[in-house]
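Heads up, the thing below is written out as structure tokens.
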Amino acid sequence: MKIHHIAIWTFRLEEMKEFYIRYFKGTSNEKYVNPQKGFESYFICFDCGADLELMSRTDVQNTPIGENRRGLTHFAFALDSKEEVLELTEKLRSAGYTISGEPRTSGDGYFESVVLDPDGNRVECVFKAG
């Protein structure tokens with residue numbers, strides 16, 4: 001088995017779509033719209049691994065995302081090298097995104113950084129040799 005997709009509620013549907021396409025090399029389907037429910041979504045597909053479903057609905061509440069809370073706290077994209085993690089981190093920083101975890105080697109051997117997407121979701125950029 002493998003994870004098929006992860007879903008995120010957002011009020012910034014177009015901005016979120018562009019973020020994941022531009023910086024994480026995703027591709028998007030055509031927007032799905034259900035006017036009866038006030039629902040819109042995109043599926044962002046990546047070369048391998050799980051897809052990302054970005055969803056918006058008029059009745060979803062705007063609650064803050066906390067770093068240390070129950071539930072999904074982050075998801076990660078695997079990059080091909082330490083240099084790629086550094087390059088992407090700087091590209092995101094230059095574009096004005098918040099780097100909430102500076103590049104470092106973690107205790108379990110990953111070289112990683114953490115960026116906040118337009119909604120404040122924590123996205124890890126990781127590389128593990130071997």
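The values are calculated or read from the model by the stated rules, or taken from the named source; none is laboratory data. Please read all numbers here as calculations on a predicted model, not as lab measurements. Neighbour counts are summed over all protein chains in view; Cβ atoms, including those assigned to glycine, are modelled from backbone coordinates with ideal geometry. Ligands, DNA and RNA are excluded from the accessible area calculation, which covers all protein heavy atoms including side chains. Shrake-Rupley method; radii C 1.70, N 1.55, O 1.52, S 1.80 Å.
The table below lists the values:
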| quantity | calculated |
| --- | --- |
| Given charges at beta-carbon only (K, R positive; D, E negative), |dipole| of the chain in Debye | 300 |
| Surface accessible to a 1.4 Å probe, per residue, for the residues of the stretch 8-107, Å² | 67 |
| Lysine pair number, Cα distance threshold 17 Å (strictly under), the chain, separation 8 or more or different chains | 5 |
| Mean Cβ count within 10 Å, highest first, over the residues of peptides 2-15, 114-127 | 114-127, 2-15 |
| Helix axis angle, 13-24 relative to the chain longest principal axis, alpha carbon, degrees | 30 |
| Distance (nanometres) between label positions extended 7 Å along Cα→Cβ at Ala129 and Phe24 | 2.6 |
| Shape of the stretch 1-54, Cα gyration tensor, a/c cut at 1.5 | oblate |
| The stretch 23-130: relative contact order in percent, alpha carbon pairs under 8 Å with at least 6 residues between | 20 |
| The stretch 1-121 - Rg over Rh from alpha carbon coordinates, Kirkwood radius | 0.97 |
